[in-house]
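These notes concern the structure reproduced below.
The values are calculated or read from the model by the stated rules, or taken from the named source; none is laboratory data. Here the structure is a predicted model, which is why all the values come from computation and not from measurement. Glycine gets a Cβ as well: all are built from the backbone with ideal geometry, and neighbour counts include every protein chain shown. Surface accessibility is based on the protein's heavy atoms, side chains included, excluding ligands, DNA and RNA. Shrake-Rupley method; radii C 1.70, N 1.55, O 1.52, S 1.80 Å.
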Amino acid sequence: MSVSEIQLDAFSTLLGMQLIETGEGSARVQMTVRKDMVNPHGTPHGGAIFSLADTALAVASNSHGIEAVALNVNLNYCRPAAVGSVVTAVVTEDNLTKKTGLYSMNVYGSDDKLIASGKGTVYRTGRPFRGW
């Protein structure tokens, strides 16, 4: 399935996310930081950055055609992004078994500096993934 054939879920679309690239066990998803995404400090809300990484995790972990759901996601925030900047989540597969998958998740700012980094563990249900 090509990137152009994948329409992200309604919540990801609401946040303006776009799928840039996907492969077996990997994904790259982008989002522009909008004014309505900031916290009282004027920086992107952690939930917005987390959602971007989580969406990329969903794309990467379901790319094998088997339904996968998150069991645990841990994200460490390194620096804020500026309002109006494009942030990119890059997820790669570290380990895959019949029942679980382990993924590295990194979010970069438009200057390619690390915004957040973490790990995601998914449970593979064994059911076919119905697609986006």
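Rounded to a whole number, what % of the accessible area of the chain do carbon and sulfur atoms account for, probe 1.4 Å?
51
In a shell of Cβ-Cβ distance under 9 Å around residue 89, excluding residue 89 itself, what net charge do Lys and Arg (+1) and Asp and Glu (-1) give?
0
Out of residues 5 or more away from residue 115 or on other chains, whose amide H comes under 5 Å of its own, with H placed 1.01 Å from N in the peptide plane?
Amide H to amide H, under 5 Å and 5 or more residues apart or across chains, residue 115 pairs with 107, 108, 109.
Among all stretches of the chain without exposed trypsin sites (Lys or Arg not before Pro) (DSSP loop, at most 15 other Cβ atoms within 10 Å), which one is longest?
Longest site-free region, per DSSP loop and neighbour criteria: 35-97.
So if we plug the beta-carbon distance of residue 102 and residue 79 into 1/(1 + (r/R0)^6) with R0 = 25 Å, what FRET efficiency do we get, rounded to 0.05?
With a Förster radius of 25 Å, E is 0.50.
On a 0 to 90° scale, report how tilted helix 46-61 is relative to the longest principal axis of the chain, with both axes built from alpha carbons and the result rounded to the nearest 10.
Helix 46-61 and the main axis of the chain meet at about 20 degrees.
So what is the accessible area of the chain per residue, in Å², with the probe set to 1.4 Å?
Accessible area per residue: 54 Å².
Do you know the relative contact order of the range 40-100, to the nearest whole percent, from alpha carbon pairs under 8 angstrom that are 6+ apart?
Relative contact order comes out at 48 percent.
Of all the C-alpha pairs in the chain, what % are more than 17 Å from each other?
Percent of Cα pairs beyond 17 Å in the chain: 54.
What does the charge count around residue 47 come to, taking other residues whose C-beta lies under 13 Å from its C-beta (Lys +1, Arg +1, Asp -1, Glu -1)?
So the environment of residue 47 carries a net charge of -2.
Length gain on complete extension for the stretch residue 38 to residue 7, per 0.36 nm per residue less the alpha carbon to alpha carbon distance?
8.6 nm
Per residue of the range 101-117, what does 6.51 cos²θ - 1.76 cosθ + 1.60 with θ = phi - 60° give for ³J(HN,Hα)? Whole Hz please, x for Gly and Pro, Karplus curve as stated.
With the stated coefficients, the range 101-117 comes to x, 10, 10, 8, 10, 10, 10, 10, x, 5, 8, 6, 7, 5, 9, 7, 8 Hz.
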